[in-house]
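Values quoted throughout were computed directly from the atomic coordinates according to the rules given, and no laboratory measurement underlies them. Note that the coordinates shown come from a computational prediction; the quantities given were computed from them, not determined experimentally. Cβ: placed from backbone, ideal geometry, glycine included. Neighbour counts: every protein chain shown.
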Amino acid sequence: MLNVDTLRANAVAKAGTDQFGDEWFLEPLGVLVKALNEEAQLSEIGHQMTERRLTALLVDRLRLRKLQADNPEIKDVQVEVAAEILGLPRTGSTLLHRLMSASPRLTSTLSWECSYPLPFPGESPAAEIRKGKAKKMMEVFMELSPEFGDIHTVVWDGPEEDILLLDRTFTAMSYDSFYWVPTYGVWLRGYDQSRAYSELREWLQVLQWQDPERAGRKWVLKSPHHLTAVDTTLDEFPDCKIVMTHRSPTSAVPSYASMVSSMTAQYSSEGDPVKIGQYWSERFQESLKQFDEVRQRRPERFIDVPFKMTVAEPLETVTSVMEQLGLPVTDADLSAFNDYLEINRQEKHGTHTYTAADFGLSAEQLASDFAFYERAYL
C-alpha cells in the first residue's frame, strides 16, 4: 500500500531538507494515494514505479523551495503567457503547439525539462545530466508502451505539455489518464486549482531563470488538462488567450480511450476498456460544458481553431492564430514553421487502430451526448 507519510519521509531523506513550504498539496496527494490504493489495481512493478514517481515529485517540491531560497531573484522573473492551447485530446493541438513553439519569439516547455526542471548539483547550464536521464526515461517508456508512439509522437528534447510540471502539485489529468482512479478524477474536476496554477507560474519562472535565451519571449503552453480549470487558467495568466482546437468528440473520445488503455497497461493488467471509454466520455462532456460556460462569459479571451483546418492548412492556421494573438508572422517565423513541418513529415507516424466499440462506445451515442458542443463549435 502506498502511504503519504512514507512518501514524504522518503522524499525528505533524498532531498536533505524538510522545507516544503505551504503544505496545501497534501490534500490532493492524499486523495490520489487513496484512489491508487483502492481502485488502480497496481501490479507489483506498477506499484514500484508509482512509489518512485511520487517520491521523485515530492523531492522536486523540496528542491524547488531550496532553489528559490538560495536564489530569491527567481520570484521576480516576469512570466508572460501568450497562449494556452487546449481542447479535447487528438484535436490537432500538438501540431499547432509545436508549430507555434518554433517561432523565435515564443517559447514552450520542453520534454526533458518537464521531467527534470531543476539543475543537479555541479551540472553545467547545458543540462547534460538531465537531458541524458530524460532521453533514457523516454526509451524505457517506449519499451513499456511501444504502441504509444503510434498514437502520439514523442521526442525527449521537443515541446511538451506543461501538465507534466503540474504533476508536482498532484492536481493533474495525468493521474486519471495513467491509472484507473475515477474517484480522484471526479474530485479533481470539482477542486479549486488556483494554488496549483500559481505553482505552475513558479515552475515557468525557474525554467526562464535558467535559460537567458528565453528573456523577452512569451510562452505558448498546451494541455487538455486546462479544460478542467478554464477560469483558473485565465485568471492566473491575465494576458494569455485560450486557443481551443475543435474536433468531433465521436473521433476524439475513442482515440483518447485507446491512448489511456495503452498507458494504464504499464501499471496494471486489470484495465477495463469499456469502463475507460465510459469514464472519459462522461469527463469530457462535463469539461466541455464548463468550457462553454466560460467561453460565453469571457469570449474575448478565446481563439477557435478547427481540427480540419490545422491538418489541411497548418501554415495558414498558425499564421491566423499568431495574428489574433497580436503577433504578426515574420519571415523568421515562416522559416521556422516550414522547418518544423519538414521535421514533422519525417517523424514516425504509426497506424493507430481502434474502434469506438472497443471501449463500449458508439458513434451514434457519442453524437447524441456531445450534440451541445458540435452545434456550437463544429
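Considering all different alpha carbon pairs of segment 247-378, the Kirkwood hydrodynamic radius works out to 17.4 Å. With viscosity set to 1.306 mPa s and temperature to 10 °C, compute the Stokes-Einstein D of segment 80-377, Rh being the Kirkwood radius across alpha carbon pairs; µm²/s, no decimals. Stokes-Einstein gives a translational diffusion coefficient of 80 µm²/s. In a fully extended conformation the segment linking Lys75 and Ala371 would gain 102.1 nm over its present Cα-Cα distance, using 0.36 nm per residue.
Put a plus charge on the Cβ of each Lys and Arg, a minus charge on the Cβ of each Asp and Glu, and nothing anywhere else: the dipole of segment 112-242 about its Cα centre is then about 180 debye.
Computed about its Cα centre, the charge dipole of the chain is approximately 220 debye, with only Lys, Arg, Asp and Glu carrying charge at their Cβ. How many nm separate the modelled label positions at Glu128 and Asn3, each set 7 Å beyond the Cα in the direction of the Cβ? The two pseudo-label positions are separated by 4.2 nm. Please give the net charge around Met1, taking every other residue with its beta carbon less than 12 angstrom from that of Met1, where Lys and Arg add +1 and Asp and Glu add -1. My count for the surroundings of Met1 gives -2. Between the residues Trp219, Thr310, Ser261, the greatest Cα displacement towards the positive end of the dipole of segment 80-377, with unit charges on the Cβ of Lys, Arg, Asp and Glu, is found for Trp219. Computed per residue of the chain from DSSP H runs no shorter than four, each worth -39500 (n - 2.57), the mean residue ellipticity at 222 nm is -17500 deg cm²/dmol. Within the listed set Thr355, Thr245, Thr233, the residue fluctuating most in the Gaussian network model of the chain (springs between alpha-carbon atoms under 10 angstrom) is Thr355. The amide H of Ile303, built 1.01 Å from its N in the peptide plane, has Ile242, Val243, Met244 as neighbours under 5 Å, considering only residues 5 or more places off or on other chains.
When the chain is described by a simple charge dipole with +1 on each Lys and Arg Cβ and -1 on each Asp and Glu Cβ, the residue from Leu99, Met1, Gly190 located farthest towards its positive end is Met1. With the convex hull of the Cα atoms taken as the outline of segment 180-317, the averaged projected area works out to 10.6 nm². What does the net charge come to around Gln296 if you take all other residues with beta carbon closer than 15 Å to its beta carbon, with K and R at +1 and D and E at -1? Surrounding charge for Gln296 is +1.
Between the listed residues Leu341, Ser248, Leu26, the Cα displaced farthest toward the positive end of the dipole of the chain, a dipole computed from Cβ unit charges relative to the Cα centre, is found at Leu26. Each listed q (0.16, 0.17, 0.21 Å⁻¹) maps to a log10 I(q)/I(0) for segment 108-258, found by the Debye formula over equal Cα scatterers with no solvent: -1.06, -1.19, -1.58.
Could you sort out which of Lys75/Lys218; Lys14/Lys34; Lys14/Lys66 sit more than 19 Å apart by Cα distance in this structure? Cα-Cα > 19 Å for Lys14/Lys34; rest within. Computed from phi, the 3J(HN,Hα) profile of segment 183-195 under the Karplus parametrisation 6.51, -1.76, 1.60 (θ = phi - 60°) reads 5, 5, x, 5, 4, 4, 6, x, 9, 6, 8, 4, 5 Hz, with x in place of Gly and Pro. Full extension of the chain segment joining Ala56 with Thr183 gains 43.4 nm, where the gain is 0.36 nm per residue of separation less the Cα-Cα distance. Dipole size of segment 305-376 about its Cα centre, with +1 on Lys/Arg Cβ and -1 on Asp/Glu Cβ: approximately 180 debye, rounded to the nearest 20.
The H on the amide N of Thr171, modeled in the peptide plane, is under 5 Å from the matching H of no residue at least 5 residues off or on a different chain.
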